[in-house]
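Report on the structure given below.
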Amino acid sequence: MNINAIQKHYDKLTTRERFALIVAAGMRGDEADRAALLRTAPRKTWSIPTTNGLAEAFNFLSMFHVMDTLRLETNFYFLLSMGDEEDGIFEKMGITSMDALENIARAILANCEAWRVVCSEYGVDPVKILDPLPGADCLELLEYMVKRMYESDPLELSDLQETIEGYRRTIETKRKEWE
């Protein structure tokens, strides 16, 4: 197949066709075709506010934060329902299901606190910004339940700084994509 002959017709592609071909070229590792498809795509020009990058970064991190914390919630409640009955699964890792449950509880609390810290640094309400996201309304109850479960022996959040730094890096990386 003569790629040059095909590329002469790239200007006739619809946006949907071009997108499908770009994805296909990327999946087969054909960077030359992918680059040609992108280079020959019709252009539009817009004007966006300088806050767009930061807004997109928070949008991305908001979705990640909710999805990751809901993932932890699923594991937390699964392990909570198991109790000690399945400790054999964790023996290979040298822990019990209760140790695993505690590790997940720490991660949940670290996520929630890191989210509050980063939102505070940017002057953003950490609850209201999540309102549009499905499942976000579960996070406050989850955090409350975890804290109640460990209130007699509060968990030390040894990974909190790492989680905060990860959230900060994500915001800055995504923000810079718009500069």
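The values are calculated or read from the model by the stated rules, or taken from the named source; none is laboratory data. Bear in mind the structure is a predicted one, so any value in this text is a computation, not a measurement. With ideal geometry, Cβ positions are generated from the backbone for all residues, glycine too; neighbour counts draw on all protein chains shown. We work out accessible area using only protein heavy atoms, side chains counted, and drop any ligands, DNA or RNA first. Shrake-Rupley method; radii C 1.70, N 1.55, O 1.52, S 1.80 Å.
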Please specify each residue of segment 21-40 satisfying the condition of being in contact with a Lys or Arg (Cβ under 8 Å, 6 or more places away or on another chain) and in contact (Cβ under 8 Å) with a residue 24 or more places away in the chain.
Leu37
Tell me which residues, restricted to segment 1-31, are touching a helix residue (DSSP H, G or I) at 6+ places or on another chain (Cβ under 8 Å), loosely packed, with under 13 Cβ neighbours inside 10 Å and at pLDDT 90 or above.
Glu31
Could you check Ile95 against (1) touching a His at 6+ places or on another chain (Cβ under 6 Å); (2) in a loop (DSSP other than H, G, I, E, B); (3) of a type outside the set (S, T, N, Q) and say which number it fails?
(1)
Is it the case, given these coordinates, that Ile164 is in a helix (DSSP H, G or I), under 30 Å from Ile48 (Cα atoms) and open to solvent by 40 Å² or more (accessible area, probe 1.4 Å)?
no
Pairs only if they're at least six apart or on different chains, beta carbon under 8 angstrom, first in segment 74-90 and closer than 30 Å to Ala136 by Cβ, second of a type in the set (Val, Ile, Thr) and modelled with pLDDT of 70 or more; list them, first residue then second.
Asn75/Ile104; Phe76/Ile104; Phe76/Ile108; Phe76/Val146; Leu79/Ile104
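Table: residues versus (1) in a helix (DSSP H, G or I); (2) open to solvent by less than 90 Å² (accessible area, probe 1.4 Å); (3) modelled with pLDDT of 90 or more; (4) farther than 30 Å from Gln7 by Cα.
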| site | (1), (2), (3), (4) |
| --- | --- |
| Arg34 | yes, yes, yes, no |
| Lys44 | no, no, no, no |
| Gly53 | yes, yes, yes, yes |
| Ser62 | yes, yes, yes, yes |
| Leu72 | yes, yes, yes, yes |
Checked against (1) out of contact with any helix residue (DSSP H, G or I) (no Cβ under 6 Å at 6 or more places or on another chain); (2) in contact (Cβ under 8 Å) with a residue 24 or more places away in the chain; (3) not aromatic (Phe, Trp, Tyr), Met145 satisfies every condition except (2)
Any chance Ala110 is buried (at least 17 other Cβ atoms within 10 Å of the Cβ) and over 18 Å from the mean Cα position of the chain (by Cα):
no
Give me the pairs: first residue in segment 152-179 and among the aromatic types (Phe, Trp, Tyr), second residue in a loop (DSSP other than H, G, I, E, B) and open to solvent by less than 50 Å² (accessible area, probe 1.4 Å), beta-carbon distance under 6 Å, and six or more apart or on different chains, which are they?
none
